[in-house]
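Have a look at the structure below, then the notes.
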Amino acid sequence: MTLYVGVALVVAAVLLFIMQPVVKGLHASLDREENELTETEARKRVALLALRDVEYDFLAGKLDQDDYRSLKSQLTAEALAALEADEAARGAGPAATDSDAAIEAEIARVRAGLKNGVVCIGCSFTNEPGSRFCSACGHALEGATAGGARR
Ligand SMILES: [Zn+2]
């Protein structure tokens, strides 16, 4: 009888020992995310990453053009609103860390596309600045949605 109690205690102790880092780790990662990202930053990233995923899904043929267009316009509106909110929230803003570099580059690409008129009028794909044809559908981009057309 005492043997069984002893075994049970050992098993319980081992289980506690095993679970400890898992429980601690969960708390740590939750804390870290809260500390690293402000609410507006998180919103901006979610919107821009969703926008990028939609583009990739469309290129991969997972979305048809109607779905793509409605998702794109919805997410673009959200991303722009989030960008403005984030800029207003952090003012001048601190320098981006290394881990932010990739997402900042992606944000820059999307913003440049929105500003420089390389968003395709055929399918709404955001193309690299200076593109002449849409990477997604091949539509000519010349003067497509440019604000200030050069002549
Ligand atoms: Zn296109």
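The values are calculated or read from the model by the stated rules, or taken from the named source; none is laboratory data. As the structure is a prediction and not an experimental result, all values here were calculated from the model. SASA here: full protein model, heavy atoms, side chains in, ligands and nucleic acids out. Shrake-Rupley method; radii C 1.70, N 1.55, O 1.52, S 1.80 Å.
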Give the long-range amide H neighbours of residue 133: residues separated by 5 or more places, or on another chain, with amide H under 5 Å away, using H modelled in the peptide plane at 1.01 Å from N. 141
Accessible area of residue 2 in the full protein assembly, 1.4 Å probe (Å², nearest 10): 120 Å²
